[in-house]
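Enquirer: Questions regarding the structure given below will be posed in turn.
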Amino acid sequence: MPASLASYVEAWHPEPDTCADDLPPGPTAALSALLDLPGTAAKPGDPLPPLWHWLYFLHWAPQQDLGPDGHLRDARFLPPIPERRRMFAGGRCEIIQPLRLGAPAERVSSLAAVTPKQGRSGELLFVTERQEFRQDGRTCLVEEQDIVYRSGEGSTPRHPGMSEDSSVPNAEGPWQLRFQPTETLLFRFSALTANAHRIHYDTPFCRDVEGYPGLVVHGPLLALLMLELVRRGTPERRVRSLSYRLHRPVFKGEHLLADGTPSGGCGARLRVTTHRETRHATAEVTFA
């Protein structure tokens, strides 16, 4: 009988890690250009939009350190389980004050939780990584990311093929952003975030190894699109906290809709939908 995933991480207690970044405007300007977004901050001193810190503090590993799926074989916060497969599940972020472009910042990463669970397709390991971002000696952001890991070739569920229907459900709220991710866009976003996972650029790998019908849209990209609704819909309000969850993958070429509904003046509810699913991703924000 194979060992449980919990048995592999019983003695796994990685130490915190600290890294620094000067937050140059270049990556912010690059993402703004990639998504054709108007009016995004891109000069020293401007506040970084919510979650755009994902463009910074990147680790470019030597090519020899990557596994067959494009991920690192080993790293401080990667659980030591065999034939590891990774899925980004969601997270939470508290924005005490926005990070400012062009000023040195520090990130302290630590392991917050490790939780084994039993899913429909087998055993899962939920790993929560906590990150604190500091600038000018003050804590600006506190973020937690939830990553789900599987083990073994046969543990990834097979996904149905995509329909040729290009329609999108009607929006539930007044904030709307329609989007059709292309292969080029996914490739460029991978480069901006130092993400070498092959499900975003290698179609044969997606189909033959992972069981997806096409290239997978990055989970962080879906989260950023939902937050863009808030930036466009109420630019005068500052996001104080947010949480997001990724439910079902979106694939290259699909017509998706991000829509949002303000909730009582203190926040908003957001989602990403296609003709296949009403909730590919969901998020909630509260305003300062």
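Enquirer: For Asp46, all conditions in the list (1) over 20 Å from the mean Cα position of the chain (by Cα); (2) under 28 Å from Arg248 (Cβ atoms); (3) not polar (S, T, N, Q) hold save one; what is the number of the exception?
Expert: (2)
Enquirer: Moving on to the next point. For the list (1) under 15 Å from the mean Cα position of the chain (by Cα); (2) in a strand (DSSP E or B); (3) without any contact (Cβ under 8 Å) to a residue 60 or more places away in the chain, I need the number of the one condition that Thr286 fails.
Expert: (1)
Enquirer: Inside segment 7-50, can you point out the residues that are aliphatic (A, V, I, L, M) and within 30 Å of Glu123 (Cα to Cα)?
Expert: Val9, Ala11
Enquirer: Still on this structure, please answer the following. Hey, could you check segment 246-267 for residues that are assigned to a strand (DSSP E or B) and over 19 Å from the mean Cα position of the chain (by Cα) and say which is nearest to Pro50 (Cα to Cα)?
Expert: Only one residue tops the list, namely Gly267.
Enquirer: Over 17 Å from Gln176 (Cα atoms) and crowded, with 22+ Cβ neighbours inside 10 Å: which single residue out of Val230, Val216 fits that description?
Expert: Numbers: Val230 fails: over 17 Å from Gln176 (Cα atoms).
Within the list Val230, Val216, the selection yields Val216.
Enquirer: OK, next. At least 1 residues that are modelled with pLDDT of 95 or more and more than 18 Å from the chain's Cα centre (by Cα) in each: list the strands (runs of 3 or more DSSP E) lying fully within segment 61-157 that qualify.
Expert: Result: 105-119, 122-135, 138-151.
Enquirer: Against the conditions (1) assigned to a loop (DSSP other than H, G, I, E, B); (2) touching a residue at least 60 places away in the same chain (Cβ under 8 Å); (3) under 19 Å from the mean Cα position of the chain (by Cα), where does Pro220 fall short? Just the number, please.
Expert: Condition (1) is where Pro220 drops out.
Enquirer: Does Thr184 satisfy being β-branched (Val, Ile, Thr), surrounded by fewer than 16 Cβ atoms within 10 Å (Cβ to Cβ) and out of contact with any Gly (no Cβ under 8 Å at 6 or more places or on another chain)?
Expert: Here the answer is yes, as Thr184 does meet what is asked.
Enquirer: Which members of segment 230-245 meet the condition of being of a type outside the set (Ser, Thr, Tyr) and not in a strand (DSSP E or B)?
Expert: Scanning segment 230-245 gives Val230, Arg231, Arg232, Gly233, Pro235, Glu236, Arg237, Arg238.
Enquirer: If I ask for residues that are touching a strand residue (DSSP E or B) at 6+ places or on another chain (Cβ under 9 Å) and assigned to a helix (DSSP H, G or I), which ones from segment 43-60 would you list?
Expert: Correct list: His53 only.
The values are calculated or read from the model by the stated rules, or taken from the named source; none is laboratory data. Just so we're clear, the structure is a prediction, and the values are computed from it rather than from any experiment. Reconstructed Cβ throughout: ideal geometry from the backbone, glycine too, with neighbour counts over all protein chains shown.
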